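First comes the structure, then the notes that go with it.
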Amino acid sequence: MTPAERLRARIREVPDFPRPGILFKDITPLLQDAAALQTAVDLLAEPFEGRAVDTVVGIESRGFILGAPLALALGAGFQPARKAGKLPRETLRESFELEYGNEQLEMHRDALEPGQRVLLCDDLIATGGTAAATSRLVQRIGAEIVGAGFLVELEFLDGRRALPEIEVHSVIRY
Ligand code: AMP
């Protein structure tokens, strides 16, 4: 088994959650396994090593769990892209359609310095709408996007098409 296959074996599939027809990829068994968690962070970091990433932007909420250790692995800082109403200071907001509903994400207007090199991170890319909204926030702030890293990619939903200008890497593909 390759390292990525070992990780895949730690992802539990839950049918019809949170809605009928959605096959939810539950990463909590992987997070519980110290070796798997370390491998996941290593494989997320690998394509972006030596790429001068200043800040990892993790997407609420499983993008926080992976994004913070990814930032440490790359010697970068971390900023959250949060659901609407959670951040205390002046924010920018983007709306988008999720695989299961409508959603809004916010970042602090001063979360990043203009020109900073940013890596987007989430646990999973499905249609790509969440990551595309986050990329719009980062670009509105004036930072530069180095790429986007996902633990899981649902290839059949072609989320990369929503991120045409962005270098996308994923560890486990379905
Ligand atoms: P999307 O915007 O369609 O790419 O959806 C990605 C976001 O929704 C990520 O934050 C995921 O955590 C979550 N998500 C979408 N589909 C699934 C799924 N089948 N299993 C687990 N999480 C999902």
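Since every read-out is calculated from the coordinates, none of them should be taken as a lab result. In this text, all values refer to a predicted model and were calculated from it rather than measured experimentally.
With the radius of gyration and the Kirkwood radius both derived from the Cα set of segment 1-66, what is their ratio Rg to Rh?
When Rh is taken as the Kirkwood radius, the ratio is 1.03.
Could you pull out every residue, at least 5 positions away or on a different chain, whose amide H is within less than 5 Å of the one on F24? Hs are placed 1.01 Å off N in the peptide plane, and Pro or chain starts have none.
V14, D16, F17
List the residues, sorted by chain then number, that are 5 or more residues from F78 or on another chain and whose placed amide H is less than 5 Å from its amide H.
It is V56, by chain and number.
Sort all Cα-Cα distances of segment 88-174 into consecutive 5 angstrom bins from zero, then give the percent of pairs in each bin up to the one containing the longest distance.
3, 15, 25, 24, 18, 10, 4, 1
How big is the C-alpha Rg of the chain next to the rule-of-thumb value 2.2 N^0.38 Å, as a ratio? Write down the numbers at each step before the final one.
Working: Rg = 15.3 Å, N = 174, 2.2 N^0.38 = 15.6 Å.
After normalising by residue count via 2.2 N^0.38 Å, the value is 0.98.
Which whole-number percent gives the relative contact order of segment 56-145, counting Cα pairs below 8 Å spaced six or more residues apart?
Over segment 56-145, the number comes to 31 percent.
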